[in-house]
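The values are calculated or read from the model by the stated rules, or taken from the named source; none is laboratory data. Source: prediction; values computed, not measured. Neighbour counts are summed over all protein chains in view; Cβ atoms, including those assigned to glycine, are modelled from backbone coordinates with ideal geometry. Only protein heavy atoms, including side chains, enter the accessible area calculation; ligands, DNA and RNA are left aside. Shrake-Rupley method; radii C 1.70, N 1.55, O 1.52, S 1.80 Å.
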Amino acid sequence: MRKQDDTGGLPFMKMHGLGNDFVVIDRRGQHAHVTPELARALGDRHRGVGFDQLAVIDTDDGADLRLTFWNADGSPSAACGNATRCIARREMDLTGKTDLTLRTERGVLAARDASDGLTSVNMGAPILDWAGIPLAEEMDTLELPIEGFPVGTGMGNPHCTFFVDDAEAVPLAEFGARYEHNPLFPERTNVEIVQVLSPTEIRLRIWERGTGITLASGSCSCAAVVAAARRGLTERAVTVRVDGGTLMIDWREDGVWMTGPTAHVFDGWLTPAFLAAVS
């Protein structure tokens, strides 16, 4: 991928994990000032590039990479599991490494080559206490005082997981928008609709905070499996069926591991005129 040149343009990559799509800016060795305004403009699928999340790569003294994430509405996000996997896959392909460390606001995450084109990332231990998620007040996170009694979980970002008999029957656009802004979640929340298919398989539909309906989400998949296992509905190693495909989630002693495919779709170049219009 070309580096920034004296014309003032900026290179980027487009990637996705199961249709959960990202714009990625590799800021190593170049200057790129990323702002909420730029994130919103880039996220516009009609006037920008379009994405579920924007990821920015920087160098880090204590890890192979440092990652910063933005939602499509310009708000920051501490975690983005599928983008982390996509970027880890590219870095492993470039360097020949099979194991990496990536620093995020969630902490330093481990990634590894899972063979057969799959990539695994350890998203860290789930946050199960009300203050860490965070919730507005002290309560039992296993049954939140909301209609449907969802489970609250933190994966570096907040999650609200509902269990239903038929995931397809839920009007996700209206349901997700309503619960994203529930006052129990002072930082808003991701919303997951889960139908348990067996002790080792779930169907998951996703509303992401700051983005809306997405085809997949790594952190949402992790939170859904943690919630299901805590409820005793599934085991801790579960196949997750999302709209974009399949992820494998394994809640182990050292954290929640997520494994799945990635795709680097194309490289592009933001023009100086586009950058000037949103500066």
| Cα-based Kirkwood hydrodynamic radius, the stretch 190-234, one decimal, Å | 10.6
| field | Mean Cβ neighbour count within 10 Å, used as a protection proxy, ranking 212-223, 194-205 highest first | value | 212-223, 194-205
| query | Put a dot 7 Å past each Cα toward the Cβ at M139 and A273; how far apart are the dots in nm? | reply | 5.1
| Relative contact order for the stretch 1-132: what is it in percent, counting Cα pairs under 8 Å that are at least 6 residues apart? | 17
| query | Hey, what D do you get for the stretch 37-187 in µm²/s if you plug the Kirkwood alpha-carbon radius into Stokes-Einstein at 10 °C and 1.306 mPa s? | reply | 92
| remark: Checking rank on 254-261, 118-125, with mean other Cβ inside 10 Å and highest first, the result is 118-125, 254-261
| task | Over the alpha-carbon set of the stretch 116-230, divide Rg by the Kirkwood Rh and report the Rg/Rh ratio to two decimals. | result | 0.94
| task | In whole Hz, with x marking every Gly and Pro, tabulate ³J(HN,Hα) for the stretch 70-77 from phi via Karplus 6.51 cos²θ - 1.76 cosθ + 1.60, θ = phi - 60°. | result | 10, 7, 5, 8, x, 7, x, 9
| note | Rounded to 0.05, the calculated FRET efficiency for the beta carbons of D99 and D129 at R₀ = 25 Å is 0.25
| task | Please report, in debye to the nearest 20, how large the charge dipole of the chain is about its Cα centre when each Lys and Arg carries +1 at its beta carbon and each Asp and Glu carries -1 there. | result | 620
| field | Residues in the stretch 180-213 that a label on D165 would reach, taking backbone N under 14 Å of a point 7 Å out along Cα→Cβ | value | 195-196
| query | Along each of its three principal axes, how wide is the spread of alpha-carbon positions in the stretch 94-173, in whole angstrom units, largest first? | reply | 49, 32, 19
| request: Could you tell me which GluC sites (Glu not before Pro) in the stretch 76-165 are loop residues by DSSP with no more than 12 other beta carbons within 10 angstrom of their beta carbon? | output: E137, E138, E147
| Leaving out ligands, DNA and RNA, what percent of the accessible area of the stretch 138-279 is carbon and sulfur, probe 1.4 Å? | 53
| task | At q = 0.09, 0.11, 0.17 Å⁻¹, what is the base-10 log of I(q)/I(0) for the chain according to the Debye formula with one equal point scatterer per Cα and no solvent? Please give it to two decimals. | result | -0.39, -0.59, -1.36
| the stretch 10-84: translational diffusion in µm²/s, Stokes-Einstein, Kirkwood Rh over Cα pairs, 20 °C, 1.002 mPa s | 173
